[in-house]
Amino acid sequence: MLCYLIAVSMRDFLPTPLKPVFRESVQETDYVNDFDLPYVRLRVHIETANGDVEKFTIQLEYNVALVGPGKNDWGPLARFDHNPHSKRGHDVTQEGLHLDLIDPDGTKYKVRRGFPNKPINDYPKHCELYLLDKSRRLTLDFERRNNLSGKYYSP
């Protein structure tokens, strides 16, 4: 009888089995398009959950090391982003799509608005095509306003 009581009491201390927790299927896509080396490239980062875009960063980057001292140093010159779960993030479904124009020190020079509304899953490709199409103009503006002797501008 004593053994039975111990067994029953031990069962009370055993953890209850956990129910399986559903975790969304998250997929990350990262790539760089070196379309205009050595000065300019396009960087793409997209996260999807169950096939729907959760967040993205699509940016045109400039190699500022080519116009100043230092190592190979890429930084954004123009960026589209969507990250509704971050404190400093943006939700394009609520705020609309916008383009940040960024200076070499990382500060925002200007924000361009007025892009058409689209389904969330269409934005990454739209942003990528826009930056590739406007890369020459965006790079020239970046070099000019920062007085950089680079790909398209010589002060």
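The values are calculated or read from the model by the stated rules, or taken from the named source; none is laboratory data. Only a predicted model underlies this, so the values are computations on that prediction, with no experimental measurement involved. We place every Cβ from the backbone using ideal geometry, glycine too, and count neighbours over all the protein chains shown.
Looking only at the range 129-155, count every residue that is more than 18 Å from residue 82 (Cα to Cα), modelled with pLDDT of 95 or more and either aromatic (Phe, Trp, Tyr) or part of a loop (DSSP other than H, G, I, E, B) (or both) and tell me the total.
Result for the range 129-155: 1.
This table checks each residue for (1) over 29 Å from residue 153 (Cβ atoms); (2) in contact with a Gly (Cβ under 9 Å, 6 or more places away or on another chain); (3) not in a strand (DSSP E or B).
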site: 84; (1), (2), (3): yes, no, yes
site: 104; (1), (2), (3): no, yes, yes
site: 111; (1), (2), (3): no, no, no
site: 117; (1), (2), (3): yes, yes, yes
site: 127; (1), (2), (3): no, no, yes
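Out of 123, 109, report the one residue that is of a type in the set (Phe, Trp, Tyr) and in contact with a Lys or Arg (Cβ under 8 Å, 6 or more places away or on another chain).
Numbers: 123 fails: in contact with a Lys or Arg (Cβ under 8 Å, 6 or more places away or on another chain).
Unique residue meeting the criteria: 109.
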